[in-house]
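A.B. asks: Below you'll find the structure I mean.
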Amino acid sequence: MGFLNQLFGRKSKEEITMSEKLNIGIILGSTRQGRVSPQVGAWVKEIADKRGGANYEIVDIADFKLPLLGEADSPGIAEWNEKLNSLDGFIFIVQEYNHSITGALKNALDLAREPWNNKAAGIVSYGSTGGARAAEHLRGIMGELMIADVRTHPTLSLFTDFEKGTVFKPQDLHFNNVNTMIDQVISWSGALKTIR
């Protein structure tokens, strides 16, 4: 296998993990006023930073001022694709709206194609049912974009993990799930980097 990687100019998984840290984007999936995704994203990043193993950054789709798909082009689309190209994997912070993901996240997913391909992602969702239905919709979209989604999926309840629905106070039981999900995202992201 090492010979084939040398022949085709590809690095083995071991070479990648030993020489380069992976870049994992924690994508905030909502742009609405009063959103709580920045709190959830900061919590995931804090857990991730303590464990190391990769570079983690918050990627807020609101910062890119993306137009709706099919509207006039804007500099935000190129910047969005450039940001995605710089990442090896993703952790999506997903809210449930009407049994699905937000329109803003769906639009952001649709405004890129190749930058998503052959990368891994985890999902942290929240809502009245833990955001489970939004996560299931997101999994179908990720399959079409050639994003490999990992199995472990922390689900946060608006009733038990948020005070008055606005202040994020996660239960301790979620900590292990987040760490397991990050393990899987790092492992799969490293493996998929060898084929890009």
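The values are calculated or read from the model by the stated rules, or taken from the named source; none is laboratory data. Please read these numbers as outputs of a predicted model, since none were measured by experiment. So basically every Cβ, Gly included, is an ideal-geometry build from the backbone, and we count neighbours across all protein chains shown. The protein model used for the area step is the full one, side chains on, heavy atoms only, and it has no ligands, DNA or RNA in it. Shrake-Rupley method; radii C 1.70, N 1.55, O 1.52, S 1.80 Å.
A.B. asks: I need the full set of residues from the range 165-196 which are among the aliphatic types (A, V, I, L, M) and in a loop (DSSP other than H, G, I, E, B), in order please.
C.D. replies: Listed by number, the residues that qualify are Leu173, Ile195.
A.B. asks: Just a yes or no: is a residue in the range 147-163 assigned to a helix (DSSP H, G or I), among the polar types (S, T, N, Q), open to solvent by 10 Å² or more (accessible area, probe 1.4 Å) and modelled with pLDDT of 95 or more?
C.D. replies: Checked the range 147-163: no residue is assigned to a helix (DSSP H, G or I), among the polar types (S, T, N, Q), open to solvent by 10 Å² or more (accessible area, probe 1.4 Å) and modelled with pLDDT of 95 or more.
For every residue, the table says whether it meets (1) part of a loop (DSSP other than H, G, I, E, B); (2) hydrophobic (A, V, I, L, M, F, W, C); (3) open to solvent by less than 70 Å² (accessible area, probe 1.4 Å); (4) at pLDDT below 95.
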residue	(1), (2), (3), (4)
Gly34	yes, no, yes, yes
Val44	no, yes, yes, no
Trp80	no, yes, yes, no
Lys83	no, no, yes, no
Ala121	no, yes, yes, no
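A.B. asks: Restricting to the range 85-108, count the residues that are of a type outside the set (Phe, Trp, Tyr), touching a helix residue (DSSP H, G or I) at 6+ places or on another chain (Cβ under 8 Å), outside any loop (DSSP other than H, G, I, E, B) and within 17 Å of Arg32 (Cβ to Cβ).
C.D. replies: 8
A.B. asks: Now a separate question. Among Gly143, Gly190, which is the only one that is surrounded by fewer than 20 Cβ atoms within 10 Å (Cβ to Cβ) and either under 18 Å from Ile26 (Cα atoms) or small (Gly, Ala, Ser) (or both)?
C.D. replies: Exactly one residue qualifies, and that residue is Gly143.
A.B. asks: Another question, then. Just one of Ile123, Ile147 is within 26 Å of Pro75 (Cβ to Cβ) and among the aliphatic types (A, V, I, L, M); which is it?
C.D. replies: From the options Ile123, Ile147, the qualifying one is Ile147.
A.B. asks: Looking at (1) assigned to a helix (DSSP H, G or I); (2) modelled with pLDDT of 95 or more; (3) charged (D, E, K, R), which is the one condition that is false for Glu14?
C.D. replies: With respect to (1) assigned to a helix (DSSP H, G or I); (2) modelled with pLDDT of 95 or more; (3) charged (D, E, K, R), Glu14 is out only on (2).
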